[in-house]
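Student: Have a look at this one before I ask anything.
The values are calculated or read from the model by the stated rules, or taken from the named source; none is laboratory data. Since we're looking at a predicted model, the values are computed, not measured. For neighbour counting, all protein chains shown are included, and Cβ atoms are generated from backbone atoms with ideal geometry for every residue, glycine included.
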């Protein structure tokens, strides 16, 4: 899909960066309209499916159910983005794990809805998956034991679904890595004599963390978000860097930085807890029964899936048995054909 950043001047083909060759660049960049459309479509489809399920089980039961709209779903996801930060801080996981898990959660809900899969379940799986994909593995049992009321099986229950929703594309390019690169680069610019304190970098890093609570990483590149964080703490240094590193794109980059600032300043904070609690309460009443473990709809769906799987298994077993019934070397085929040279047919009767 097109990105909001596609209108900017593009670099020559021979100057394409490694990032531009990544799956993130190709598959996970959107415009704001793209995101609205995707989320609205998912929301409408989920509501329709849940209504049908409820009506089949009990006619009229979907009347009066207060379903979440797309914006409310996104607000709940945002709340659990913050929860990922809390979990990673409590478990002392690296920045890379936290950032990657947050990205996984966002991407998951561009393929699914919270009415199908509650964010708390997806969150614990996303964090565990991120520990593996970032090469920071943890012991499953230990991880589960440090989370309230969580079993190892619950951590793994959605792992395949999450991976599938990500398109099995686990590598993520992060703004915090780009920030470090630009931070070092700024201090090597010509005529730069000032040395910035570590606290300035820490403030910029906090700005990057705030951006994770927004759609910034789905709209902009990691380096653009990082540059905005630098501009937030060191506007003059950021301006100098733009002029020196990208003079031909200076005007468009400055405008882009301002767009990102408005986004982060407006949405880079956690939602009000009272509002989130109300949404969570409503979610419990409008969840897809097919996905609620133990519900009648869930049990019926599992029964159908198991029957289908058993049918496929029996069919495959029958095909294998049929194949093995013949000569595995295929000699029965040869027996049905006349030999090219019949050595028993001797014309010499003498």
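Student: Would you confirm, using the coordinates I've provided, whether residue 82 is over 15 Å from the mean Cα position of the chain (by Cα) and on the phi > 0 side of the Ramachandran plot?
Tutor: On the way: over 15 Å from the mean Cα position of the chain (by Cα): yes; on the phi > 0 side of the Ramachandran plot: no.
For residue 82, the condition - over 15 Å from the mean Cα position of the chain (by Cα) and on the phi > 0 side of the Ramachandran plot - is not met.
Student: Pairs, please: C-beta under 6 Å, at least 6 apart or cross-chain, first residue under 19 Å from residue 118 (Cα atoms) and in the range 262-277, second surrounded by 14 or more Cβ atoms within 10 Å (Cβ to Cβ) and at pLDDT 95 or above?
Tutor: Pairs found: 270/82; 271/75; 271/78; 271/79; 276/79.
Student: Filter the range 55-77 down to residues that are assigned to a helix (DSSP H, G or I) and surrounded by 14 or more Cβ atoms within 10 Å (Cβ to Cβ) and give me whichever is nearest to the chain's Cα centre (by Cα). It would help to see each step written out before you state the result.
Tutor: Residues of the range 55-77 that are assigned to a helix (DSSP H, G or I), as a first pass: 55-57, 70-77.
Still in the running and surrounded by 14 or more Cβ atoms within 10 Å (Cβ to Cβ): 57, 70, 72-77.
Details: 57: 33, 70: 17, 72: 19, 73: 16, 74: 14, 75: 17, 76: 16, 77: 12 Å.
Only one residue tops the list, namely 77.
Student: Somewhere in the range 188-204, is a residue surrounded by 20 or more Cβ atoms within 10 Å (Cβ to Cβ), more than 14 Å from the chain's Cα centre (by Cα), more than 20 Å from residue 17 (Cα to Cα) and outside the structural domain of residue 111 (by the TED database)? Lay out the reasoning, then the answer.
Tutor: Start the filter on the range 188-204 by keeping residues that are surrounded by 20 or more Cβ atoms within 10 Å (Cβ to Cβ), which leaves 204.
With the extra rule that they be more than 14 Å from the chain's Cα centre (by Cα), the set shrinks to 204.
Of the ones still in play, those that are also more than 20 Å from residue 17 (Cα to Cα) are 204.
Subsequent filtering for residues that are outside the structural domain of residue 111 (by the TED database) retains 204.
There is at least one residue in the range 188-204 that is surrounded by 20 or more Cβ atoms within 10 Å (Cβ to Cβ), more than 14 Å from the chain's Cα centre (by Cα), more than 20 Å from residue 17 (Cα to Cα) and outside the structural domain of residue 111 (by the TED database).
Student: If you scan the range 141-172, which residues turn out to be closer than 20 Å to residue 22 by Cβ, outside any loop (DSSP other than H, G, I, E, B) and touching a helix residue (DSSP H, G or I) at 6+ places or on another chain (Cβ under 6 Å)? Steps first, please.
Tutor: Filtering the range 141-172 for residues closer than 20 Å to residue 22 by Cβ gives 162-172.
Restricting the remaining residues to those that are outside any loop (DSSP other than H, G, I, E, B) gives 162-165.
Within the range 141-172, 162, 165 meet the criteria.
Student: Here's a follow-up. Within the range 116-153, which residues are buried (at least 22 other Cβ atoms within 10 Å of the Cβ) and closer than 27 Å to residue 52 by Cα?
Tutor: 119, 122
Student: Here is a follow-up. Just the residues that are out of contact with any helix residue (DSSP H, G or I) (no Cβ under 8 Å at 6 or more places or on another chain) and surrounded by 14 or more Cβ atoms within 10 Å (Cβ to Cβ), please, taken from the range 12-43.
Tutor: Step one: list which residues in the range 12-43 are out of contact with any helix residue (DSSP H, G or I) (no Cβ under 8 Å at 6 or more places or on another chain), which gives 12-18, 20-24, 26-27, 33-34, 37-38, 41.
The answer is 20, 22, 23, 24, 34, 37, 38.
Student: Could you list, in sequence order, all residues of the range 88-107 that are farther than 18 Å from residue 211 by Cα and in contact with a helix residue (DSSP H, G or I) (Cβ under 6 Å, 6 or more places away or on another chain)?
Tutor: If the condition is that a residue be farther than 18 Å from residue 211 by Cα and in contact with a helix residue (DSSP H, G or I) (Cβ under 6 Å, 6 or more places away or on another chain), then no residue fits.
Student: Sticking with this one: Hey, does the range 227-246 have a residue that's under 30 Å from residue 79 (Cβ atoms), exposed (fewer than 15 other Cβ atoms within 10 Å of the Cβ) and out of contact with any strand residue (DSSP E or B) (no Cβ under 8 Å at 6 or more places or on another chain)? If you could, list the steps in order and put the result at the bottom.
Tutor: Of the residues in the range 227-246, the ones under 30 Å from residue 79 (Cβ atoms) are 227-233.
Add one more test, that the residue is exposed (fewer than 15 other Cβ atoms within 10 Å of the Cβ), and what stays is none.
Scanning the range 227-246 turns up no residue that is under 30 Å from residue 79 (Cβ atoms), exposed (fewer than 15 other Cβ atoms within 10 Å of the Cβ) and out of contact with any strand residue (DSSP E or B) (no Cβ under 8 Å at 6 or more places or on another chain).
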